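Structure first, then comments.
Coordinate-derived values only; no laboratory data. All of these numbers come straight from a predicted model, not from anything done at the bench. Cβ coordinates were reconstructed from backbone atoms using ideal geometry, including for glycine residues, and neighbour counts include every protein chain displayed.
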Amino acid sequence: MTKRKIQYWVIPPEADAEFVAHMENVLETYARPYDPNHPVICMDEQPVQLVKETRRMIPATAEHAQRVDYEYERNGTASIFMFAEPLAGWRQATARPRRTKADWAREVAALLDGRYASCEKITLVCDNLNTHTPGAFYEAFPPEQARDYVRRIEFCYTPKHGSWLNIAESELSCMTRQCLHGRRIGELRVLQEELAAWSIDITDAQRGVDWQMKIDDARCKLKSVYPKILL
């Protein structure tokens, strides 16, 4: 029997007006000039398995590479939150034990109280998960405080099957390859330290993101996504 390869893609739907509307909203957001009082922030998240070593590793020598036993122990899971400000060349990865509405709201609130404390408003690009909502702040903070946070956020949701439009997803992919791939991290504290070190190093080493696709490009290259209008 001949084996056939399978390639997995995020395939956009055909003739989907809602997809188009959200996509163009994201593309229009990315086309804005940089405004320090109203920056565009992208966020995404992913689960990760915490894995502990069961045996002591043997350090590398001049003759041999580092040797690690194939056995390991699962030690629960964590959720990584990625935030990126494309035009400023800044990104931050953090980790929490869970990915609830309250966890997400506290991560966003920490940015509003920290890096963006002096900003009148931010635009937050994220996918349309049920945890990424204004209501999440009311599950984490008193009503007055929650309202203050929500008032300062302009939400910009990527369309379903359109996660490729989120720059933070690309940052997550880079972080996974550069920081986590081929490693066993068994404690949340260690994961947080490694993510913090990666965030600092990559922000210092890289510039802003040069997003190329514009609305006119999408209307030309993704014609099948746009509904056909019968006049």
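What the table shows:
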{"read-out": "Amide hydrogen neighbours beyond the local backbone of Asn75, cut-off 5 Å, H modeled", "value": "Leu50, Val51, Lys52"}
{"read-out": "Value of D in µm² per second that Stokes-Einstein yields for the chain, Kirkwood Rh from Cα pairs, at 4 °C (1.567 mPa s)", "value": "65 µm²/s"}
{"read-out": "The stretch 164-215 versus the stretch 108-149: alpha-carbon centroid distance in Å", "value": "22 Å"}
{"read-out": "Three principal axis lengths of the stretch 153-231 [C-alpha, angstrom, descending]", "value": "61, 31, 26"}
{"read-out": "Extension gain (nm, one decimal) between Asp113 and Trp211, 0.36 nm per residue minus Cα-Cα", "value": "32.5 nm"}
{"read-out": "Reciprocal of mean inverse Cα separation for the stretch 103-172 (Kirkwood radius, Å)", "value": "12.8 Å"}
{"read-out": "Packing rank of 80-86, 100-106, 202-208, 184-190, where each peptide gets the mean count of other beta carbons within 10 Å, highest leading", "value": "80-86, 100-106, 184-190, 202-208"}
{"read-out": "In the chain, lysine pairs with alpha-carbon atoms under 22 angstrom apart (chain gap of 8 or more, or interchain)", "value": "8"}
{"read-out": "Three-way shape call for the stretch 94-231 based on the alpha-carbon gyration tensor, with the a/c threshold at 1.5", "value": "oblate"}
